[in-house]
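One structure is given here, and the rest of the page talks about it.
The values are calculated or read from the model by the stated rules, or taken from the named source; none is laboratory data. Since the model is a prediction, treat every value here as computed from it, not as a measurement. Backbone-built Cβ (ideal geometry, glycine too); neighbour counts: all protein chains shown. Protein only, heavy atoms only, side chains kept; ligands, DNA and RNA dropped before computing areas. Shrake-Rupley method; radii C 1.70, N 1.55, O 1.52, S 1.80 Å.
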Amino acid sequence: MRKGDEDRGSLLLVITTRGRHVACLERTLGVDGLYRWARVGPAESAGSDEIQEFLRKRARFDEDSWAIELDIAEPERFIAETTLTG
């Protein structure tokens, strides 16, 4: 959805299932120095206009950011496993 800098910039996953928005996950650095995935952005079932506006705002904040859309069959399981393991 958005290609950022090859060496830096935040990473944002836009999770969908069958074209329906489920969540956005961002890789963040915790105070303990470890990376974790956190939910950010529009709520589940948000429309494409709302998602695009969110991505535009993020790009203004971090011009190096990446946004990758994953359309997967079991998004809730993926989110749970991803946010649990970091």
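What to note about this one:
- Elements of the type strands (runs of 3 or more DSSP E) sitting completely within the stretch 13-86 and holding at least 1 residues that are open to solvent by 100 Å² or more (accessible area, probe 1.4 Å): these cover 20-29, 35-40.
- Condition check for Gly41: at positive phi and either in contact with a Gly (Cβ under 7 Å, 6 or more places away or on another chain) or modelled with pLDDT of 85 or more (or both): yes
- For the stretch 21-66, a residue qualifies if it is closer than 12 Å to Thr83 by Cα and free of Cβ contacts under 8 Å to residues at least 24 places away in the same chain, and the qualifying residues are Glu26, Arg27, Thr28.
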